[in-house]
Amino acid sequence: MPYFLTIIIIAISLWIGNSAVSLLLGISLALLYKLPKDFLTQKYGSRILQTGIVFLGGSLSLDSFYETNSVYFSWISLYVVLAFGAVILLGKILGVSQKLSFLLASGTAVCGGTAIASVAPSIKAKPEDLTMAITIVFLLNAVAVLLFPFLNNFIQLNEIQFGAWVALAIHDTASVVGAASSIGELSVEVAATLKVARTIWIVPLVIFAAWLYRSKNEGLGLPLFVIFFLIAALLNSFLQPDEIISGYLKEINRICLLIGLFCIGTQISLENLKTIKIKSVILASSVWAFIVPTSLILVQKI
């Protein structure tokens, strides 16, 4: 029965296409059935997630840097570094665990759930930490999609300014585009283009995470999947595949990440969920509450 139900739920997860929902569906299955330790989702979840990360590299071109508005790119890069550092620093002050702070910093500074899922295998994050980080970021994204268009009724940014604002201040790409689409097509184009500059930071982030959390006997500390990730990104840059091939790579990445997160979710127990602490929510919310107004001031001045 669990195997049949697993296939059905994975199909539902892929149809919905949301990383947080996939994770929650996996958790739901784990709470309904006490799955054995050798269950297929327990054995292959991390490998599927790592495979998705490799295909993510294949869809990222280093040339994307040059396609981004040069005026905003330097600010985006500065934002990524400062936002990441702010979460890490505040995490230490609040007493949030180092790995959970790293996951929240990755999601806040780079690109939400995708960044969190990408670095989690590199830092050997616990399933409960991964669950907590993605859930918190998902909730903040849900608020942002509704909040930003509402606020613009009073702020009255033009389409370019609004697109830049959401690209800086909202975590996940889907939520960035969703918020921008409520303003206009130009806003969507600007938001999507600038978000690429944040997303490309996954490359140095995964390398840094793998090196920082390497074992003493791992040398440079780059796991095999990270090496393949880098090779895929370089091949994409040199070969420059057409949109059809890039679309297939992105779709494989999406499927692997969704299935991988579902499998990670099945490793969670009720006892794990009870460990979620308000400190982690305060950490992510506090930094985001600072990012929203400061990024607004920035786009109004540029």
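The values are calculated or read from the model by the stated rules, or taken from the named source; none is laboratory data. Owing to the predicted nature of the structure, the values given are computational and were not obtained by experimental measurement. Virtual Cβ from ideal backbone geometry, glycine too; neighbours counted across all protein chains shown.
Listed values, structure above:
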item	result
Sole residue being at pLDDT below 90 and surrounded by fewer than 15 Cβ atoms within 10 Å (Cβ to Cβ), chosen from I278, I268, I264	I278
Unmet criterion (only one of (1) buried (at least 24 other Cβ atoms within 10 Å of the Cβ); (2) more than 16 Å from S285 (Cβ to Cβ)) for S97	(1)
Hey, S59 touching a Lys or Arg at 6+ places or on another chain (Cβ under 9 Å), at pLDDT below 75 and not acidic (D, E) or not	yes
Members of the range 237-257 that are aliphatic (A, V, I, L, M), modelled with pLDDT of 80 or more and under 20 Å from the mean Cα position of the chain (by Cα)	L249, I252, I255
Checklist (1) over 30 Å from L25 (Cα atoms); (2) aliphatic (A, V, I, L, M); (3) touching a residue at least 24 places away in the same chain (Cβ under 8 Å) applied to V145, failing item	(1)
Matching option when the condition is modelled with pLDDT of 75 or more and either in contact with a strand residue (DSSP E or B) (Cβ under 7 Å, 6 or more places away or on another chain) or surrounded by fewer than 21 Cβ atoms within 10 Å (Cβ to Cβ) (or both), among A11, A30	A11
Given (1) crowded, with 20+ Cβ neighbours inside 10 Å; (2) in contact (Cβ under 8 Å) with a residue 40 or more places away in the chain, index of the condition L157 fails	(1)
Those helices (runs of 4 or more DSSP H) lying entirely in the range 103-216 with at least 2 residues within 17 Å of L56 (Cβ to Cβ)	112-123, 127-155, 173-181, 185-199, 202-212
